[in-house]
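Rule-based calculations on the coordinates, nothing more; no lab input. The model shown is predicted, which means the values in this text are computed figures rather than measured ones. Positions of Cβ are backbone-derived with ideal geometry, glycine not excepted, and every protein chain shown enters the neighbour counts.
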Amino acid sequence: MLKMDNPKLTLFLFVCFQAETMASPPALTFCMDNWVAFKGSCYYFHHSAQSFTEAQHACLQMNSNLVQIDSEAEDKFIKDFLSYQTPNFWWVGLSDDDIEGIWSWVGSKDTPTFTDWFPGEPNNANNEDCAILDINHQFKWTDIACSKLLYSICEIQSESSAPEVIG
Ligand SMILES: [Ca+2]
Ligand SMILES: [Ca+2]
Ligand SMILES: [Ca+2]
């Protein structure tokens, strides 16, 4: 146990305690190194050419899933960020691999409530079952063959990741 009869030590601990309690207002989003924060989520932009399945597996290994885009705000944040990245197509976690025409997010299994398909997409041309942010269409969404080797985006809720990072 610490001896508290040293006034300087006591003051030091008091200051530390104050700093601890005054930091981290709840609105802030904390992320691991190399992850980008936005409204309660952390995103990892994976500059590695992988199939959809490989990309999701890589996300799972980092306790995340391929990104689930649920709002126009989230969509815009990601598009804006991608405009500063190495030009590529980017996997998102959306697939109709199980049932043709029924799209769902790989992490939650949810049916999309928000979508940003490019006009005419998804068109399932030659059996396309996975979705990308299409750099040729201002990062609007298109379906494409899941076997293509592309960059990808992982997402994790910052709340669920925080205890593991700190603890
Ligand atoms: Ca999301
Ligand atoms: Ca399809
Ligand atoms: Ca297509």
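Side notes on the structure shown:
- Taken one residue at a time, the phi angles of region 118-135 give Karplus couplings (6.51, -1.76, 1.60, θ = phi - 60°) of 5, x, x, 10, x, 10, 6, 4, 6, 6, 9, 10, 10, 10, 10, 8, 8, 5 Hz. Gly and Pro are set to x.
- Computed extension length for SER83-LYS148: 21.3 nm, one decimal, from 0.36 nm per residue of separation with the Cα-Cα distance subtracted.
- 5 angstrom amide H check on HIS46, placed H, neighbours 5+ away: SER152, ILE153, CYS154
- 3J(HN,Hα) couplings calculated from phi for region 112-117 with the Karplus curve 6.51 cos²θ - 1.76 cosθ + 1.60 (θ = phi - 60°) are, in sequence order, x, 9, 10, 9, 9, 4 Hz; Gly and Pro show x.
- Near-label residues of region 111-147 by backbone N, under 20 Å of a point 7 Å along Cα→Cβ of GLN61: 147
- Linear extension gain, PHE118 paired with SER48, 0.36 nm per residue minus alpha-carbon span: 22.8 nm
- Sites ASN34 and ASN127 - FRET efficiency at Förster radius 41 Å, r taken between beta-carbons, to 0.05: 0.75
- Amide H to amide H distances under 5 Å link PHE139 with ASP134, where only residues 5 or more positions off or on other chains count and H is placed in the peptide plane.
- Taking amide H as placed 1.01 Å from N in the peptide plane, SER51 has its amide H under 5 Å from the amide H of LEU150, each at least 5 places away in sequence or on another chain.
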